[in-house]
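Quick notes on the structure that follows.
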Amino acid sequence: MSDTTTLPMIAAHGSARLPAVEVDSYNVEIKDDEGFIGDRASKGAFRDLVENWRKVLRKHGDDPFGDEPSEKLTKKALDEALFKGDLEAAAVIHSAVEEFAQELALVIRRFLKLKAWKDTERFVIGGGFRDSRVGELSIARTSIILKAEGIDIDLMPIRNDPDKAGLIGAAHLAPKWLFKGHDAILAVDIGGTNMRAGVIDLNLKKAPDLSKADVWKFELWRHADEKKVDREGAVDSLVKMLKELIGLAEKEKFKLAPFIGIGCPGIIAQDGTIERGAQNLPGNWESSKFNLPLLLHNAIPKIGDEDTAIVMHNDAVVQGLSEVPFMTDVQHWGALTIGTGLGNARFTNRKADSD
């Protein structure tokens, strides 16, 4: 693969060594007799638990959720059932939360047994499931279960909205010297159902540690809603979103750094190809001939007057990186993203590169 995947080269894709942390492990797939244990702690797994309890009620009377399929129940509907619905609907959600928390606790215990995850002091939980009161309650219940078992570990929802965190974390893929004289960067978050591209206002004058970084504007494309979409069409849509954002940033006089940070599912090779784990994306993203950073560089060779640098890493890693400024009180910490599957990343803090 061409060595011009990023120009200038500021970091290898999927690197274990980033400016503020070492990435000890990510995208771990643990199996037992029933399959991948991460599948037990996904959005789909929670809805399966809801469905199981609804079946019990259907055998003995009415289903408080009516005819709506469990997989179609939105986060808002689940939250409303918990706090505003009738008692049986609330009881169904409470029952599912309890079972899900038991499964998530099991998953965390298994991670803690891995050599690369030993001595983890804190887990932050992100992903779409976290962005609901039901999700937050599940996280809190898991924390209590672990503490009751003598596992003294912090478990907390990711601070930023997960959709924002998946973009904000991209700012921690690049050394801070790259941002000198600039206000913002471009970030991309690729998921199993949609893709986001955004402009991240770095707010370095307010907080040099990037703790005030925020999403200024973003574009969203739900590829899962498209009847026919292929890999090339997905890349074209992403390029279009990025170019629109560049135009908006220029109109607002934002000084964009010549950098695009990308979070993408799977194991990311140093050359920018994806080794495995991208099966939910449109088309074959795991081909050795497909290189997203290179394609984006060809489409956007410069930002302003400078060559575009691009760094891609695993999406759970990038979402976790949004927590870097808030993890200075621990040494070893992990991120779990509960979505279509269970993303995971484990970090060790290190002294940031000097400017």
| note | Under 5 Å from the placed amide H of Thr337, counting only residues 5+ away or on other chains, we find Gly126, Gly343, Asn344
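Largest first and in whole Å, what are the equivalent-ellipsoid semi-axes of segment 161-326 based on the Cα gyration tensor, each being the root of 5 times an eigenvalue?
That gives 24, 17, 15 Å for the three semi-axes.
Taking the Cβ of Lys206 as the centre, find all other residues whose Cβ is under 13 Å away and add up their charges (Lys, Arg: +1; Asp, Glu: -1).
Combined, the nearby Lys, Arg, Asp and Glu give -2.
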| note | Out of Gly233, Gly166, Phe326 - ranked by how far each Cα lies towards the positive end of the dipole of the chain, with unit charges on the beta-carbon of charged residues - the top one is Phe326
| field | Relative contact order for segment 106-208, counting Cα pairs under 8 Å that sit 6 or more residues apart, in percent | value | 20 percent
| said: Could you order the peptides 89-101, 257-269, 13-25 from most to least packed, using the average number of other C-beta atoms within 10 Å per residue? | reply: 257-269, 89-101, 13-25
| So, with +1 on the Cβ of K and R and -1 on the Cβ of D and E, and no other charges, what is the size of the charge dipole of segment 292-355 about its Cα centre, to the nearest 20 debye? | 280 debye
| field | For Kirkwood radius over Cα pairs in Å, calculated from these coordinates, the label among [x] 21.1; [y] 22.7; [z] 20.4 | value | [x]
| query | Where the Cα atoms of segment 31-157 are projected onto their three principal axes, how long is each span, largest first, in whole Å? | reply | 48, 31, 25
| In what sequence, highest mean first, do 144-151, 319-326, 249-256 appear when ranked by Cβ atoms within 10 angstrom? | 319-326, 249-256, 144-151
| field | Separation between Cα centres of segment 23-61 and segment 247-278, rounded to whole Å | value | 31 Å
| remark: Within segment 28-98, DSSP-loop trypsin sites (Lys or Arg not before Pro) with at most 10 other C-beta atoms within 10 Å are Lys84
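In the neighborhood of Gly277, defined by Cβ-to-Cβ distances under 9 Å, what is the net charge if each Lys or Arg adds +1 and each Asp or Glu adds -1?
Taking every Cβ under 9 Å from that of Gly277, the sum is -2.
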| query | Suppose every K and R has +1 on its Cβ and every D and E has -1 on its Cβ; what is the size of the dipole of segment 31-157 about the Cα centre, in Debye to the nearest 20? | reply | 360 debye
| said: Is there a quick way to get the dipole size of the chain? I mean about its Cα centre, with the Cβ of Lys and Arg at +1 and of Asp and Glu at -1; what is the value in debye to the nearest 20? | reply: 420 debye
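FYI, it's all coordinate maths here, none of it is from the lab. All values derive from a computational prediction rather than experimental measurement. No Cβ is skipped: glycine too gets one built from the backbone with ideal geometry, and neighbour counts run over all protein chains shown.
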